[in-house]
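What follows is a set of notes on a single structure, which appears directly below.
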Amino acid sequence: MTGNDAALKITSLIKKIPRGRVATYGQIAILANRPRNSRQVGAVLKSLPAGSGVPWHRVVNSHGRISDRSHSASEGLQRCLLESEGVELNETGRIDLNVFQWRPRRR
DNA sequence: GTTATGACCCAAA
DNA sequence: GTTTGGGCCATAA
């Protein structure tokens with residue numbers, strides 16, 4: 001086994017997120033068998049190469065809000081992509097996780 | 001090998 | 001609603 005299977009696992013899971021649906025960092029961490037690695041999910045996404053096929057825009061924090069990245073205007077892009085897929089944002093700029101959160105094995 | 005940083009989460013004040 | 005403190009571990013230098 002390689003040592004970077006964690007990143008592969010995370011990216012693999014995010015790739016499985018259906019269109020028009022979102023997942024939280026904690027969710028991905030749990031699905032990756034790492035309940036306390038929510039931070040690493042962000043670390044992996046940050047280091048993702050462009051065009052890796054990973055819909056990072058479908059990953060939000062537990063508050064259903066867009067992650068506050070240090071720099072870059074990707075947050076605006078993320079919201080645009082989400083709305084483009086049918087995900088609606090609240091007046092507070094939050095996503096209704098009750099409706100749009102991805103539910104694996106149950107749909 | 002070590003150190004520093006961080007696209008997070010949770011609990012408490 | 002905001003702020004503070006603790007924890008977890010991958011990535012980069």
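The values are calculated or read from the model by the stated rules, or taken from the named source; none is laboratory data. Here the structure is a predicted model, which is why all the values come from computation and not from measurement. Glycine also receives a Cβ, built like all others from the backbone with ideal geometry; neighbour counts cover every protein chain displayed. Just the protein is used for accessible areas: all its heavy atoms, side chains included, with ligands, DNA and RNA removed. Shrake-Rupley method; radii C 1.70, N 1.55, O 1.52, S 1.80 Å.
Rounded, prolate or oblate for the range A:6-54? Axes are the square roots of the Cα gyration tensor eigenvalues, ordered a ≥ b ≥ c, and the cut-off for rounded is a/c under 1.5. Please list the in-between numbers first.
On the way: a/c = 1.79, a/b = 1.16, b/c = 1.55.
Judged from the Cα gyration tensor, the range A:6-54 comes out oblate (a/c at least 1.5, b/c at or above a/b).
Three principal axis extents, largest first, for the C-alpha atoms of chain A, in Å?
45, 35, 23
Quick one, can you get me the convex hull of the C-alpha atoms of the range A:33-76 expressed as volume per residue in Å³?
Numbers: hull volume 4.3 nm³, N = 44.
Normalising the Cα hull of the range A:33-76 by residue number yields 99 Å³.
Looking at the range A:1-91, which trypsin sites (Lys or Arg not before Pro) are in a loop (DSSP not H, G, I, E or B) and have at most 14 other Cβ atoms within 10 Å?
For trypsin sites (Lys or Arg not before Pro) across the range A:1-91 that sit outside H, G, I, E and B with at most 14 neighbouring Cβ atoms in 10 Å, the list reads A:Lys16, A:Arg19, A:Arg36, A:Arg69.
Heavy atoms of the protein only, probe of 1.4 Å, neighbouring chains included. What is the accessible area of A:Leu13 in Å², nearest 10?
About 20 Å², rounded to the nearest 10.
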